[in-house]
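Down below is the structure, laid out as structure tokens.
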Amino acid sequence: MERTLVIIKPDGVRRHLVGSIIQRFEAKGLAIAEMKFETMTPELAKEHYQHLTERSFFDELIDYMTSGPVVYLVLVGEEVIDIVRKMVGATKAADAVPGTIRGDYALPGTENIIHASDSRDAAVKEIARFFPPFDINKPSEKAAK
Ligand code: TYD
């Protein structure tokens, strides 16, 4: 069984698309292994998009990704990485086919509703990045406040 990381981005949350998007994954038969609702820190956003550091839209992308809460999901299933990427659709709005999430909801621009891991390597790194393993010896930051 494979696992993949999905992020419903701040525009997906603002536009009240969380339920519709999760419904698509559930209807497809994919299982939700983890889920949380949180605002991404600039540190994590920069790490997540480190492959785009040199691009002109990088600062805009980081501002957008940290502009409000996102929903993080870990989905599980056979060949789930490729299946979810197909359901998400192409990065560029004009290439995103209707029936895909971006094809149905996204217009041109940086705001494109959703992220999904694009390979096994990326999935392993991204799941560890956003769902770090629980360390019983580490004091909880939330409890400390
Ligand atoms: P990328 O990792 O290339 O695509 P994907 O999200 O499909 O895996 O790009 C990350 C995000 O950066 C993308 O979702 C939206 C933004 N982006 C732009 O705004 N303009 C661009 O030309 C590209 C390639 C990405």
Report the longest stretch of the chain that contains none of the GluC sites (Glu not before Pro) sitting in a DSSP loop with at most 11 other Cβ atoms within 10 Å. 80-145
Karplus couplings for the stretch 109-116 from phi (6.51 cos²θ - 1.76 cosθ + 1.60, θ = phi - 60°), rounded to Hz, Gly and Pro as x? x, 6, 6, 10, 6, 8, 10, 9
Using only DSSP helix segments of four residues or longer, with each worth -39500 (n - 2.57), what per-residue ellipticity at 222 nm results for the chain after dividing by its residue count and rounding to 500? -10500 deg cm²/dmol
Run the dipole for the stretch 71-142 about the Cα centre, Lys and Arg Cβ at +1, Asp and Glu Cβ at -1, nothing else charged, and hand back the magnitude in debye, nearest 20. 160 debye
List the longest stretch of the chain that has no exposed loop site; here a site is one of the chymotrypsin sites (Phe, Trp or Tyr not before Pro) assigned by DSSP to anything other than H, G, I, E or B, with at most 13 other Cβ within 10 Å. 58-133
Please report the net charge: other residues with Cβ closer than 13 Å to the Cβ of residue 104, K and R +1, D and E -1. +3
Taking the Cα centre of the chain as the origin, how large is its charge dipole in debye, to the nearest 20, when only Lys and Arg (+1) and Asp and Glu (-1) carry charge on their Cβ atoms? 280 debye
Tell me the label-point distance for the pair residue 97, residue 58, using the 7 Å Cα-to-Cβ offset, in nm and rounded to one decimal. 3.4 nm
Tally up the carbon and sulfur contribution to the accessible surface of the stretch 1-128 as a whole percent, 1.4 Å probe, everything protein left in place. 52 percent
Using Cα pairs closer than 8 Å and at least 6 residues apart in sequence, work out the relative contact order for the chain, in percent. 34 percent
Name the residue, out of 101, 113, 83, whose mean-square fluctuation peaks in a Gaussian network model built on the chain with Cα pairs under 10 Å. 83
Which of the trypsin sites (Lys or Arg not before Pro) found in the stretch 19-66 are in a DSSP loop and have at most 12 neighbouring Cβ atoms, other than their own, within 10 Å? 55
Give me the accessible area per residue for the chain, probe 1.4 Å, as a whole number in Å². 60 Å²
So for the stretch 1-128: antiparallel DSSP bridges make up what percent, rounded to the nearest 5? 95 percent
Quick check: convex hull of the Cα atoms in the chain, volume per residue, rounded to a whole Å³? 126 Å³
Using modelled amide H (1.01 Å from N, peptide plane; none on Pro or chain starts), what sits under 5 Å from the amide H of residue 70, excluding residues fewer than 5 places away? 38, 39, 40
Note down the nm distance, to one decimal, between modelled labels 7 Å out along Cα→Cβ at residue 138 and at residue 86. 3.6 nm
How large is the dipole of the stretch 17-103 about the Cα centre if only Lys and Arg carry +1 and Asp and Glu carry -1, each at its Cβ, rounded to the nearest 20 debye? 340 debye
Can you give the local net charge around residue 76? Use residues other than it whose beta-carbon is closer than 10 angstrom to its beta-carbon, Lys and Arg +1, Asp and Glu -1. -2
Add +1 for every Lys or Arg and -1 for every Asp or Glu among the other residues with Cβ under 12 Å from the Cβ of residue 46, and state the total. -3
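The values are calculated or read from the model by the stated rules, or taken from the named source; none is laboratory data. Just so it is clear, the structure is predicted and the values come from calculations on it, not from any experiment. Here Cβ is always computed from backbone atoms with ideal geometry, including for glycine, and neighbour counts include all displayed protein chains. SASA here: full protein model, heavy atoms, side chains in, ligands and nucleic acids out. Shrake-Rupley method; radii C 1.70, N 1.55, O 1.52, S 1.80 Å.
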